[in-house]
Amino acid sequence: MKLILFILLTMSTHAQRFDFVQKLQENFERNLTITTLDNGLKIMIYEKHDVPIVKTRIGFKVGSVDEHAGNFGCAHMLEHMLFKGNKVYGTKDLDKEGEITKAIETLAYKMDKENLLEHPNRTILKLYKKRMKKLVTKLNKVVIKSPYNPIYSQNGGKGLNAYTNTDNTVYIVNIPSNKLELWALLESSKFTNPVLRSYYPERDVVIEERRMRTDGSPRGQLWEQFMLSAYTAHNYRNPVIGFMSELQTLAKSTLTDFFNQYYAPNNATIVLVGDVYPKQAIPLIKKYFGSWQAKKEFPRTHITEPKQLGERHTVISSKAQPFFYNGYHIPKVNTLEGSALGLFAQTIAGGKSSIMYKKLVLEKQIAASVWAFAGAGGQRYSPLFMTGGSPKSPHTNKEVNDAIDQVLQSVFKDGISLDELNRVKRRYKSEYIYAMDSSDNIASLLLDNEMNLGTYKEIFNDLDRVLAITPKQLVDIAKKHLIKSNKTTATLETKK
């Protein structure tokens, strides 16, 4: 806390501002150790000995951006399947499980084949589903649904979880600092020797997840249609959960192929933050992960999104409150323009003192909410600058969207004052400082920047770029990209 107060007190002059970034980075790096095993597995350890807990992250550079027609949804599906255990954890009777699984896979093949017909026989499918239900009931008696949960819980582990996004898949658990070897044992078995058990029942779980979060959610539907409209070619258009028609017949063999393509040590990064000592941790990780075989290459998209030539509109109707998204294609976040647009979003819509909030929510009282954000889509490739909001009854999406455009045009014409920009920059600095006080934030920042942008140093490079931007530069960059021909709008209108 003394360090935080000292830094905040020394942020007044231009020279000290950049000295502040350097000191912040130097203090950060004193606690950071990075090494790479012979098989390419990168290990990042940040020491923070305030409590006897270690926040762990294992990230893989694979997400929906790495998918294509034929394997949509595989990255997210694998996230589910890799919690099923291996030949030791996850089963009460491996041989019996194998027999039942073989019967399920034979039946699933017939079901999928029937479903892929132009006119499936519903009577046959109903019979197959009845048989499948009986087989799954038998399987559930010999498999352990969540084999890792009780082991971690009995040993003080918490927060066992994972997530998949466009760029990455990340596995998370928080452990007592004296349980690091148990973590290494369990997590290495998760990735080096998994059994993708109960695949077809789990596929149904993911189908239901999609039904709830996308098909049954007006905002979920809007987001999917928005991304499909904004990206006409690049894989950021792919929904993370996959398309329903793909999921319904996604074969286990397709998932296995996807796992074999991307799950390798030289496509992974381990981050440990907390009460951990590199001299103890690195040998343990080497012991359990060192024999994991590297792969020569990982398939990546080569598609570049073509320049947008005109404004695009998508409208859906639903019995829900009105809402809308706007998106503009922008450069990657680790560029001067990318950093500037992140700063611009904070300047126009960051908090209740921002111009958008004051004009639309407080003064005109036409909006219930308004916001702006730079970096939607992902970090590995060029993302979107977004604005959006929801109208306050009886006002409409169009009124609020037009008012946002008026705010943008006003800022482009009148500029941003140095005082206003410095106010936003001070908030930026404070957010950086306090982020460094959270182990979870440190773990996420390290992993995201290292995997997606090539180096954790982008945490600090971004701040340097932001602090160097002048009011004129900021407005000029925003004017360049936030133009009508580069705009995609998706609107949710209330069905009457």
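Values in this text are rule-based calculations from the coordinates and carry no lab data. As the structure is a prediction and not an experimental result, all values here were calculated from the model. Neighbour counts run over all protein chains shown; Cβ positions are idealised from the backbone, glycine included.
With a sphere of radius 12 Å drawn around the Cβ of I483, what net charge do the other residues whose Cβ falls strictly inside it have (Lys, Arg +1; Asp, Glu -1)?
+3
Which of the residue pairs K42/K472; K296/K332; K61/K133 have a Cα-Cα distance greater than 30 Å in the structure shown?
Beyond 30 Å between Cα atoms: K42/K472; K61/K133.
Cα centroid distance between the stretch 385-411 and the stretch 201-278, in Å?
Here the two parts' Cα centres lie 31 Å apart.
Below 8 Å, C-alpha to C-alpha, sequence gap of six or more: please give me the relative contact order for the stretch 312-494 in percent.
Worked out over the stretch 312-494, it gives 38 percent.
Evaluate the charge dipole of the chain about its Cα centre and quote only its size in Debye, nearest 20, assuming +1 on the Cβ of each Lys and Arg and -1 on the Cβ of each Asp and Glu.
Numbers: 69 positive and 50 negative charges, 234 e Å.
Roughly 1120 debye for the chain.
In the stretch 15-93, which trypsin sites (Lys or Arg not before Pro) fall in coil by DSSP and have 11 or fewer other Cβ atoms within 10 Å?
K92
Need the C-alpha centroid separation for the stretch 83-114 versus the stretch 291-330, integer Å.
The stretch 83-114 and the stretch 291-330 have Cα centres separated by 35 Å.
If contacts are Cα pairs under 8 angstrom and at least 6 residues apart, what is the relative contact order of the chain in percent?
On the way: 820 pairs, mean separation 109.7, N = 496.
Relative contact order for the chain comes out at 22 percent.
Across the chain, where is the longest run that never hits GluC sites (Glu not before Pro) in a DSSP loop with at most 14 other C-beta atoms within 10 Å?
It runs 312-496.
Which pairs, out of K84/K113; K307/K480; K92/K145; K23/K429, put more than 21 Å between their alpha-carbon atoms?
Over 21 Å Cα-Cα: K84/K113.
Just want the answer: with Cβ charges of +1 for Lys and Arg and -1 for Asp and Glu, which residue in A75, N115, I100 is farthest toward the dipole's positive end in the stretch 55-151?
Value computed over the given set: I100.
Figure the gain on full extension for T301 and H68 (residue separation times 0.36 nm, minus the Cα-Cα span) and round it to one decimal in nm.
Length difference between fully extended and current span is 83.0 nm.
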